[in-house]
Amino acid sequence: MRIGFFTDSYFPGIDGVTYTIQAWRERLEDRGHEVYVVYPASSHEPDDHELPVRSLPNPFYEQYRLPTYRRLSTLPELDVVHCHGPASTGIMGRRYAKQTGVQSVYTHHTPVEDYLERGLKFESIAAAASRLYVAYENRFLRSFDCVTASTSRIRRDVEPRRLPVGIEMDTFRPQSDRLFSYPEPVIGYSGRLTAKKNVDEILRLAAQTPEYRFVLVGEGPERDALERTAPENVTFKDFLPREDLPTFYSSIDVFLTASTCDTLGLSTLEANACGTPVAAADVPPFDETIGKANGARFAYGDLEEMKRAVEDCLRHDRDTRSAVERFSVTETIDELERIYGVTDR
């Protein structure tokens, strides 16, 4: 089967969408499919199955470029179009599907309206922009044959087919090596440093718990401001190569997130696969993915609750890897083939 992934997020940018596309592509190709990735042109050097679209710099977020246009006639003949975003490249994929009559699939990765609400200065403008965006994406999603999402609630007017992005269980497993050796318990975070990730909440806890060491891995528009206000027991590190993440997750005692914008929170489940419990805000999707078997939840904004959740993770042993085996990428690819209509599996 010839599958086209249409995405507005791709290398050299580092985020969950990029790594999901990479993991899905590799495993689909292992099963004999041809997978083409259509993405905004960048400094990334494409291989034969990566098809760049002319793009412009993004004045709001350097990591993401703004794709413009590529003629549909320059794309290969596809059996399935699978879009991973609602912007220019995703629109191109939908046009290809409508023009050729092939099956169209859309995966909802990011609630963009949450970023608008935190990124725009005036509340009234942010609220209006969010309403317009959600209305646009609702209409966009209804034009696809199938919409998937990692969890059952995506705040959209469609009924998504549940398709977790999937953990690479062979890669993410407990490691004996350590990236650092602090004498105190280490609380870690890995991800983008953007407003709705609420890393400032982690800093609030760090200021109240000097007995712990906090190691925050990631980059993004909030990093400079966060570093300026961070207490002394907080260390910031740049994004790690993907192959080093299992060692990072194995080096920390608790993974902590106060994010309110995740659709699955892949990094939390990867940490679990490496044997590390997770303390997460009691909001979607963590109310579905994080429980007593693999961590603890806390009321968002409640500092005492956050501290209690971290301490709960430190006190109790958990078989966190077993708890997240249902999110294995192998299960995801099995379901993806069923969505595509592969019948010989």
Of all residues in the stretch 275-298, which are touching a residue at least 60 places away in the same chain (Cβ under 8 Å), over 16 Å from ILE202 (Cβ atoms) and crowded, with 24+ Cβ neighbours inside 10 Å? THR289
What are the residues in the stretch 199-224 that are open to solvent by less than 40 Å² (accessible area, probe 1.4 Å) and assigned to a helix (DSSP H, G or I), if any? VAL199, GLU201, ILE202, LEU203, LEU205, ALA206, ARG223
Looking at the stretch 50-68, is at least one residue closer than 28 Å to THR194 by Cα, touching a helix residue (DSSP H, G or I) at 6+ places or on another chain (Cβ under 8 Å), part of a loop (DSSP other than H, G, I, E, B) and not aliphatic (A, V, I, L, M)? yes
Check MET92 against each of (1) at pLDDT 95 or above; (2) part of a helix (DSSP H, G or I); (3) open to solvent by 20 Å² or more (accessible area, probe 1.4 Å) and name the one condition it does not meet. (3)
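Could you grab me the full set of residues in the stretch 11-32 that are without any contact (Cβ under 8 Å) to a residue 40 or more places away in the chain, open to solvent by 20 Å² or more (accessible area, probe 1.4 Å) and either within 16 Å of LEU66 (Cα to Cα) or assigned to a loop (DSSP other than H, G, I, E, B) (or both)? Before the answer, list the steps.
From the stretch 11-32, those without any contact (Cβ under 8 Å) to a residue 40 or more places away in the chain are 11-12, 18, 22, 25-26, 29-30, 32; that's our starting set.
Now drop any that are not open to solvent by 20 Å² or more (accessible area, probe 1.4 Å), which leaves 11-12, 22, 25-26, 29-30, 32.
Of everything in the stretch 11-32, those that are without any contact (Cβ under 8 Å) to a residue 40 or more places away in the chain, open to solvent by 20 Å² or more (accessible area, probe 1.4 Å) and either within 16 Å of LEU66 (Cα to Cα) or assigned to a loop (DSSP other than H, G, I, E, B) (or both) turn out to be PHE11, PRO12, GLY32.
When residues of the stretch 299-315 are filtered for being over 29 Å from GLU243 (Cβ atoms) and touching a residue at least 24 places away in the same chain (Cβ under 8 Å), how many remain? Don't jump to the end; show me each part of the working.
Taking the stretch 299-315 first, the residues over 29 Å from GLU243 (Cβ atoms) are 299-309, 311-312, 315.
Pick out the ones that are also touching a residue at least 24 places away in the same chain (Cβ under 8 Å) and you get 300-301, 303, 306-307, 309, 312.
Looking only at that region, the number is 7.
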Which residues, taken from the stretch 153-168, are surrounded by fewer than 18 Cβ atoms within 10 Å (Cβ to Cβ) and touching a residue at least 40 places away in the same chain (Cβ under 8 Å)? ARG153, ARG155, ARG156, ARG161
Filtering the stretch 39-89 for residues that are exposed (fewer than 12 other Cβ atoms within 10 Å of the Cβ) and in contact with a Gly (Cβ under 7 Å, 6 or more places away or on another chain) leaves a count of 0
Residues (out of contact with any Leu (no Cβ under 8 Å at 6 or more places or on another chain) and among the aromatic types (Phe, Trp, Tyr)) located in the stretch 247-272: TYR249, PHE255
So for the stretch 303-322 (the condition being in contact with a strand residue (DSSP E or B) (Cβ under 7 Å, 6 or more places away or on another chain), surrounded by 15 or more Cβ atoms within 10 Å (Cβ to Cβ) and assigned to a loop (DSSP other than H, G, I, E, B)), does at least one residue qualify? no
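Being within 26 Å of PRO183 (Cβ to Cβ), assigned to a strand (DSSP E or B) and either free of Cβ contacts under 8 Å to residues at least 40 places away in the same chain or not aromatic (Phe, Trp, Tyr) (or both): is that true of THR235 here? Quick ask: steps written out before the conclusion?
On the way: within 26 Å of PRO183 (Cβ to Cβ): yes; assigned to a strand (DSSP E or B): yes; either free of Cβ contacts under 8 Å to residues at least 40 places away in the same chain or not aromatic (Phe, Trp, Tyr) (or both): yes.
So THR235 fits the description; yes.
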Checked pairs for the stretch 316-336, first under 14 Å from PRO174 (Cβ atoms), second assigned to a helix (DSSP H, G or I), C-beta under 6 Å and 6 or more apart or across chains, list as THR320/ASN272; ARG321/ALA273; VAL324/LEU269; VAL324/ASN272; VAL324/ALA273
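The values are calculated or read from the model by the stated rules, or taken from the named source; none is laboratory data. Keep in mind that what you see is a predicted model, and the values were worked out from it rather than measured. As a convention, Cβ positions derive from the backbone with ideal geometry for all residues, glycine included, and neighbour counts pool all protein chains shown. Calculation scope for accessible area: heavy atoms of the full protein, side chains included, ligands and nucleic acids excluded. Shrake-Rupley method; radii C 1.70, N 1.55, O 1.52, S 1.80 Å.
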